[in-house]
Amino acid sequence: MREAMKVFHRSLFDSYHHLGFLVWTTICWWMCLLPIITAGPATAAMFTVFKQKRENKMVRPADFWQAFKDNWRTGIKLQLVYILITFPGVIYSITLIRSELFLPMLAGMVLIYLLFMWHLIYLYAFPVYIEQGQSSLKIVLLRSFKLVSENFGFTINMSLYIVAVTLVCSLFTIALTIWAGILTVMIQNSVLHLLHQYEPEKYSFSSEVSWSGTLRPWKT
């Protein structure tokens, strides 16, 4: 719980510090999302430009569109895998739970749990793909599964923070202009925090922040 709180605090700090960046990247993401089938490449592009920003590179809207094109194939694959697992799984679990027999209902509950785990794994899939430069879906999903299974409590807590941020943004329409950006920062920081624990010499992450002097983030 404490680790998740620190990562969440760091994510709020990063989001505030780069508020202008969050606005235009989120707008680009919404534009790419209009045909729903492009959600995968759009999300991959978000994590790509946020990684570039973290590395102190000059990032422009043109870089977002380039990342969108570069990650098209893998982004579409990840999205298709999500659809092929989630939609049949949801329909089948509802069918089983509606049954009046004990065993089908039990199987439906187990399936719901597996779908829940699948969503946690998918939560890490895009940042793992971008941060580790892996194009193999099998490796990406296996590494995401490892992060979730070995850090289940942390992942659950971060998921609750993500849900809370989503609810707040849904209440204030203007907040939707930064919603995708904040979630990207939160998920990316979560993965970096976990990767740093496994390979500290390769991945750096610190949850320590200082708010002093941070008044006008759009100037930074």
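See the values below:
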quantity	calculated
Of all residues in region 50-65 being closer than 25 Å to SER136 by Cβ and in contact with a Ser or Thr (Cβ under 9 Å, 6 or more places away or on another chain), the one that is surrounded by the most Cβ atoms within 10 Å (Cβ to Cβ)	PHE50
Matching option when the condition is exposed (fewer than 15 other Cβ atoms within 10 Å of the Cβ), at pLDDT 95 or above and not basic (Lys, Arg), among VAL191, VAL163	VAL163
Criterion (free of Cβ contacts under 8 Å to residues at least 24 places away in the same chain and outside any helix (DSSP H, G or I)) met by exactly one of GLN134, GLN52	GLN134
Extreme residue, nearest to the chain's Cα centre (by Cα), among residues of region 89-108 that are in a helix (DSSP H, G or I) and surrounded by fewer than 12 Cβ atoms within 10 Å (Cβ to Cβ)	ILE91
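For every residue, the table says whether it meets (1) modelled with pLDDT of 95 or more; (2) in a helix (DSSP H, G or I); (3) of a type in the set (A, V, I, L, M, F, W, C); (4) out of contact with any Phe, Trp or Tyr (no Cβ under 8 Å at 6 or more places or on another chain).
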| position | (1), (2), (3), (4) |
| --- | --- |
| THR184 | yes, yes, no, no |
| HIS196 | no, yes, no, no |
| LYS202 | no, no, no, yes |
| SER210 | no, no, no, yes |
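The values are calculated or read from the model by the stated rules, or taken from the named source; none is laboratory data. For clarity, every value in this text was computed on a predicted model and none was experimentally measured. Quick reminder, even Gly has a Cβ in these numbers, built from the backbone with ideal geometry, and neighbours come from all protein chains shown.
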